[in-house]
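Participant: Below you'll find the structure I mean.
The values are calculated or read from the model by the stated rules, or taken from the named source; none is laboratory data. A quick note: this is a predicted structure, and the numbers were derived from the prediction, not measured. Glycine also receives a Cβ, built like all others from the backbone with ideal geometry; neighbour counts cover every protein chain displayed. When the accessible area is computed, the model is the full protein with side chains, heavy atoms only, and any ligands, DNA or RNA have been set aside. Shrake-Rupley method; radii C 1.70, N 1.55, O 1.52, S 1.80 Å.
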Amino acid sequence: MRGYVNIPGSIYCKLCKECGSRAVIARVEDIGYVVKCSKDDNHYQTMPGLIDIDDWNRHNTITPTSIDFNRSPMLAW
């Protein structure tokens, strides 16, 4: 057994903001489950417990502060 379950395509789940991979659900011993990146264990993963795809989606949203606004010149009116 591979140790994780793929999240069905019918469930809205954002891609990992670090590498673009789709998340998977993995069992963590007797604690519960985590939603994590399928490619790298060092990328964000939810706290162990119930399957929390909403938390995964919140943490994998690219915010406007991560965009470099200084690269595009502003138009003067």
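Per-residue answers, yes or no, for (1) open to solvent by 60 Å² or more (accessible area, probe 1.4 Å); (2) modelled with pLDDT of 90 or more; (3) not in a loop (DSSP other than H, G, I, E, B):
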| position | (1), (2), (3) |
| --- | --- |
| Y12 | yes, yes, no |
| K17 | yes, yes, no |
| V24 | no, yes, yes |
| Y33 | yes, yes, yes |
| M47 | yes, yes, no |
| I51 | yes, yes, no |
| W56 | no, yes, yes |
| I62 | yes, no, no |
| P73 | yes, no, no |
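Participant: Could you give me the residue pairs with C-beta distances under 9 Å whose first residue belongs to the stretch 7-34 and is more than 15 Å from L50 (Cβ to Cβ), whose second residue is of a type in the set (D, E) and exposed (fewer than 14 other Cβ atoms within 10 Å of the Cβ) wherever it lies, and which are 6+ apart or on separate chains?
Facilitator: That search, which allows pairs on different chains as well, returns C16/D40; E18/D40; C19/D40; S21/D40.
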